[in-house]
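Q: Please find one structure pasted underneath; my questions will follow.
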Number of protein chains: 2
Amino acid sequence: MLNLESIYSKNANNMRKSVIRELLKLTQQPEIISFAGGLPAPDTFPVEELRAAANRVFDTNPKKALQYGTTEGDLDLKAELIKFEERQGVKLGPDNLLVVSASQQALDMMPKLFLDPGDYVIAGSPTYVGAIQAIQSYQGRVLGIPFSPENDGFDLVELEKRYARAKRDGKRIKYIYVIPDFQNPTGICWSLEKRKALLEFSYRNDLLIVEDSPYREVRFLGETLPSIYQLDQQAENRGTVINLKTFSKILVPGARVGWIMARPDIIAKLVIAKQAMDLCTNVFSQMWLAEYLKTGKIYDLIKHTCDNYREKRNYMVEMLEKYMPKRFDLTWTKPEGGLFLWISLPKYIDTDAMIHKAVAEKVAYVVGSAFYFDEPEHNCMRLNFSYANKEQIEVGIQRLAKVVAAEIAAHDAGPRGQTHPEGL
Amino acid sequence: MLNLESIYSKNANNMRKSVIRELLKLTQQPEIISFAGGLPAPDTFPVEELRAAANRVFDTNPKKALQYGTTEGDLDLKAELIKFEERQGVKLGPDNLLVVSASQQALDMMPKLFLDPGDYVIAGSPTYVGAIQAIQSYQGRVLGIPFSPENDGFDLVELEKRYARAKRDGKRIKYIYVIPDFQNPTGICWSLEKRKALLEFSYRNDLLIVEDSPYREVRFLGETLPSIYQLDQQAENRGTVINLKTFSKILVPGARVGWIMARPDIIAKLVIAKQAMDLCTNVFSQMWLAEYLKTGKIYDLIKHTCDNYREKRNYMVEMLEKYMPKRFDLTWTKPEGGLFLWISLPKYIDTDAMIHKAVAEKVAYVVGSAFYFDEPEHNCMRLNFSYANKEQIEVGIQRLAKVVAAEIAAHDAGPRGQTHPEGL
């Protein structure tokens, strides 16, 4: 009888269900207030404008929209993307662009293009779990660089040390994966100095940078900083930064459209890779979003979305300050954009174990450990502030604070020596 | 300075642009009559019904359609797929189904799930080029089984021999890839006996079968035969057949929706793989096609499409009989379904070289050699009959016949010994 274990690839045998997805199922019980997902607020979706745009596609060129399209992407959409990026100061030609089936496909393409089994990617520790999964699915590995709220981005001293050690050990390192704008999961935004320092590091060591920018336009406080992609254009313009963008957080995720910006020879390779992955991005969606973009309404929409998220983020921070135990070892980030904030709890609290107590109290978060490739921290959690409404935010944070307070009380009451071992 | 060649994966360094895609570009010059593409006829697209279905999505549940969806696929669409397959005698539950971003994504998932670098897939020689590309993109290899018009499917004697030899040589063979209904590129439809024999072979050797059925419903002559997926259900129901389907050839390709049928444990693994590939299939497209399917109009649409293609296929065969040189070594398949027929020319004609002469005469085909993993035949070509209209078919075949006749005349006039070496 067929033994599937012997037929699956190493990669498939290593596949584990995403902790986040499993949590999401758990948290779909009706009464749970979930801060676990990464969903944009549906009340930001411009339903009627999108309906009108869809109907314009049916009015003008339905047979093109319903047919196969080119792998590179719809030229009208590319023209709109070029305008959109130009407003942010990014210079692009059509050959610098590949339209993709949203960001996750772009994340899947990077290891396909650059990793042989056993090759390494430098990434934050923690970093976006979907990027880790994609890297693992090509039997790639992650060289983690400490990334903490005290530090606006990579710890550069550790980056130099760990990179030098990895090179000495003969590890093949192919690219650096970063999310400089409102990182998932921490919400941290890198300073200009750190962005420049990473670019300089990549130049010096001949490394590519894959800059993932799904939240870049979702800045609701402070000043926009140049992307590393832009910094390369302004510096030596080597074209060694690949920038990944998506409409999922600034328009709608359901249309599954994103774009990759890179120099033409890399785009050409990506086109070949995409041919074998899905032939072309949804043609109807591309023409549909191009019609919407032509109205120019996306700039107001982004402003509206940022207003919405600023209010919710402020309210969540306010509720955390109001309800959480006040302690030096219980802190959270205060992001200037994006969808998430990151809470660090006392070291002895294991959020993996605590999630079940939280769900029993009808509140959910994502366990911090999900965002580490190895050596996870267990005392952190990610909260999403874009999806819940303010009433849910207050009640949810109250419930969460109660669970955390109970953990602290149990620890303080318990016998010494029973704390969670450091570094587990 | 960054040397990309040293950073690309082995896979990426091996990537070559698809011959077909490059040909398609060549053939997009306005006056060329192209039989090269694999496009469905746009006059079969039910534009107004699809517009109405899209508007019903906006009327009923737009915020769901514009949000992220589950990786498994929309439940309403799955319910419609179950009904659609049930009419053909296939028994399915929702756990047997994964909605995918059309067939090419399914083809990309198979090597991701089953192949480690160097592992083998058994496939027809020739077979669909997109499947070969996907296998190569995971550094997999193809064990080709001769597949000729004289034989309705694999040459079973060769299958046994080559499989035994490969096993003896220690090759790890993971699955058998077949297109039993109107194979791409040959148009061949396997007999019931051959389907049963392959299932028996797979049972006996503990191999999975990946059955690719994009054209299954596009049968315009003869009687529908059970799929190998169905034959397994009727036989020992081991669940060792994975069946790949798509709406691209029976509704529209632009919506990029297909589905995989398999036993639940395989579907569960595929769900995890898809999480890291694109999170979920286009949510709007899924709900949109579900709305269209609810009207029940797809059955008439398929009948209409089959009528359309039967007429064009008959006309193309008629024109071939009228214009092509009459010779024992110049033959073509007469498919009972699908989109393609396959022409075998005298052995000394190299269709790779001839394509440039054909394009000069303003007609295009796909070179047969594109459909081989190794040891390509060079005297064949694939013609598509679904896209061109009848007038174009007549003129195009006239032009093609002229090019072929010139090749034969040049050979007959030329000095002996200058023929194309066999097996090159």
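The values are calculated or read from the model by the stated rules, or taken from the named source; none is laboratory data. Keep in mind the model is a prediction, meaning the values are calculated, not measured. For neighbour counting, all protein chains shown are included, and Cβ atoms are generated from backbone atoms with ideal geometry for every residue, glycine included.
Q: Look through A:LYS274, A:LYS249 and report the one residue that is closer than 30 Å to A:VAL404 by Cβ, within 14 Å of another protein chain (Cβ to nearest Cβ) and buried (at least 24 other Cβ atoms within 10 Å of the Cβ). I'd like the intermediate steps shown before the answer.
A: Numbers: A:LYS274 fails: closer than 30 Å to A:VAL404 by Cβ.
After ruling out the rest, the residue left standing is A:LYS249.
Q: Continuing with the same structure: Being under 15 Å from the mean Cα position of the chain (by Cα) and either of a type in the set (Asp, Glu) or closer than 16 Å to A:LYS25 by Cβ (or both) is the filter here, so list the residues in segment A:359-383 that pass it.
A: Answer for segment A:359-383, where residues must be under 15 Å from the mean Cα position of the chain (by Cα) and either of a type in the set (Asp, Glu) or closer than 16 Å to A:LYS25 by Cβ (or both): A:VAL366, A:ALA370.
Q: For segment B:101-126, give me each residue that is more than 14 Å from chain A (Cβ to nearest Cβ) and not aliphatic (A, V, I, L, M). Explain how you work it out, then say what you get.
A: Going through segment B:101-126, the residues more than 14 Å from chain A (Cβ to nearest Cβ) turn out to be B:123-126.
Hits for segment B:101-126 are B:GLY124, B:SER125, B:PRO126.
Q: Among the residues that make up segment A:38-49, is at least one of them within 11 Å of chain B (Cβ to nearest Cβ), touching a strand residue (DSSP E or B) at 6+ places or on another chain (Cβ under 7 Å) and either more than 20 Å from A:GLY338 (Cβ to Cβ) or at pLDDT 80 or above (or both)?
A: yes
Q: Among helices (runs of 4 or more DSSP H) lying entirely in segment A:67-168, which contain 1 or more residues that are hydroxyl-bearing (Ser, Thr, Tyr)?
A: Numbers: elements: A:75-86, A:102-114, A:129-136, A:156-168.
Result: A:102-114, A:156-168.
Q: When you check B:TYR365 against the structure, is it under 28 Å from B:SER148 (Cβ atoms), of a type in the set (Ser, Thr, Tyr) and touching a Leu at 6+ places or on another chain (Cβ under 6 Å), yes or no? Lay out the reasoning, then the answer.
A: Working: under 28 Å from B:SER148 (Cβ atoms): yes; of a type in the set (Ser, Thr, Tyr): yes; touching a Leu at 6+ places or on another chain (Cβ under 6 Å): yes.
Spelling it out, B:TYR365 is indeed under 28 Å from B:SER148 (Cβ atoms), of a type in the set (Ser, Thr, Tyr) and touching a Leu at 6+ places or on another chain (Cβ under 6 Å).
Q: Looking only at segment B:261-319, which residues are farther than 23 Å from A:ASN14 by Cα and small (Gly, Ala, Ser)?
A: Initially, segment B:261-319 is screened for residues farther than 23 Å from A:ASN14 by Cα, giving B:281-319.
If the condition is that a residue be farther than 23 Å from A:ASN14 by Cα and small (Gly, Ala, Ser), then B:SER285, B:ALA290, B:GLY296 are the ones that fit.
Q: Being touching a Phe, Trp or Tyr at 6+ places or on another chain (Cβ under 9 Å), away from every other protein chain (no Cβ under 14 Å) and surrounded by fewer than 24 Cβ atoms within 10 Å (Cβ to Cβ) is the requirement here; does B:LYS161 meet it? If you could, list the steps in order and put the result at the bottom.
A: Values: touching a Phe, Trp or Tyr at 6+ places or on another chain (Cβ under 9 Å): no; away from every other protein chain (no Cβ under 14 Å): yes; surrounded by fewer than 24 Cβ atoms within 10 Å (Cβ to Cβ): yes.
In short, no.
Q: Right, next: Please tell me if B:TYR203 is within 14 Å of chain A (Cβ to nearest Cβ) and either surrounded by fewer than 22 Cβ atoms within 10 Å (Cβ to Cβ) or in contact (Cβ under 8 Å) with a residue 60 or more places away in the chain (or both).
A: On the way: within 14 Å of chain A (Cβ to nearest Cβ): yes; either surrounded by fewer than 22 Cβ atoms within 10 Å (Cβ to Cβ) or in contact (Cβ under 8 Å) with a residue 60 or more places away in the chain (or both): yes.
Answer is yes for this residue.
Q: Could you look through segment B:14-33, keep only residues that are surrounded by 14 or more Cβ atoms within 10 Å (Cβ to Cβ) and outside any loop (DSSP other than H, G, I, E, B), and pick out the one that is modelled with the highest pLDDT?
A: Checking each candidate, the answer is B:ILE33.
Q: For B:LYS78, state whether it is more than 9 Å from chain A (Cβ to nearest Cβ), at pLDDT 95 or above and either crowded, with 20+ Cβ neighbours inside 10 Å or over 27 Å from the mean Cα position of the chain (by Cα) (or both). Talk me through it step by step, then tell me what you get.
A: Working: more than 9 Å from chain A (Cβ to nearest Cβ): yes; at pLDDT 95 or above: yes; either crowded, with 20+ Cβ neighbours inside 10 Å or over 27 Å from the mean Cα position of the chain (by Cα) (or both): yes.
Yes: the conditions hold for B:LYS78.
Q: Suppose we filter A:GLU407, A:GLU377, A:GLU391 for residues that are of a type in the set (Asp, Glu) and outside any helix (DSSP H, G or I); which single one remains? Step through it out loud before you land on a result.
A: Details: A:GLU407 fails: outside any helix (DSSP H, G or I); A:GLU391 fails: outside any helix (DSSP H, G or I).
None of the other options fit; the residue is A:GLU377.
Q: Can you tell me which of A:GLY187, A:GLY124 is farther than 30 Å from A:ASN11 by Cβ and crowded, with 24+ Cβ neighbours inside 10 Å? Show your work before the answer.
A: Details: A:GLY124 fails: farther than 30 Å from A:ASN11 by Cβ.
Among A:GLY187, A:GLY124, only A:GLY187 is farther than 30 Å from A:ASN11 by Cβ and crowded, with 24+ Cβ neighbours inside 10 Å.
Q: Let me ask something additional. Which of the following residues is touching a residue at least 60 places away in the same chain (Cβ under 8 Å) and either surrounded by fewer than 17 Cβ atoms within 10 Å (Cβ to Cβ) or assigned by TED's automatic domain parsing to the domain that holds B:TYR215 (or both): B:PRO346, B:PRO325, B:PRO335? Talk me through it step by step, then tell me what you get.
A: Values: B:PRO346 fails: either surrounded by fewer than 17 Cβ atoms within 10 Å (Cβ to Cβ) or assigned by TED's automatic domain parsing to the domain that holds B:TYR215 (or both); B:PRO335 fails: either surrounded by fewer than 17 Cβ atoms within 10 Å (Cβ to Cβ) or assigned by TED's automatic domain parsing to the domain that holds B:TYR215 (or both).
Of the residues listed, the single one that is touching a residue at least 60 places away in the same chain (Cβ under 8 Å) and either surrounded by fewer than 17 Cβ atoms within 10 Å (Cβ to Cβ) or assigned by TED's automatic domain parsing to the domain that holds B:TYR215 (or both) is B:PRO325.
Q: Within segment B:359-373, restricting attention to residues that are touching a residue at least 40 places away in the same chain (Cβ under 8 Å) and over 19 Å from B:PRO126 (Cβ atoms), which residue is surrounded by the most Cβ atoms within 10 Å (Cβ to Cβ)?
A: Taking the candidates together, the pick is B:VAL363.
Q: Are any of the residues in segment B:120-129 of a type outside the set (D, E, K, R) and closer than 18 Å to A:MET109 by Cα?
A: Here is the first cut: in segment B:120-129, the ones of a type outside the set (D, E, K, R) are B:120-129.
Subset that is closer than 18 Å to A:MET109 by Cα: none.
The answer is no, given that none of the residues of segment B:120-129 is of a type outside the set (D, E, K, R) and closer than 18 Å to A:MET109 by Cα.
Q: So A:LYS91 ticks every box in (1) within 24 Å of A:TYR309 (Cβ to Cβ); (2) surrounded by fewer than 21 Cβ atoms within 10 Å (Cβ to Cβ) but one. Which box is left unticked?
A: Every condition holds for A:LYS91 apart from (1).
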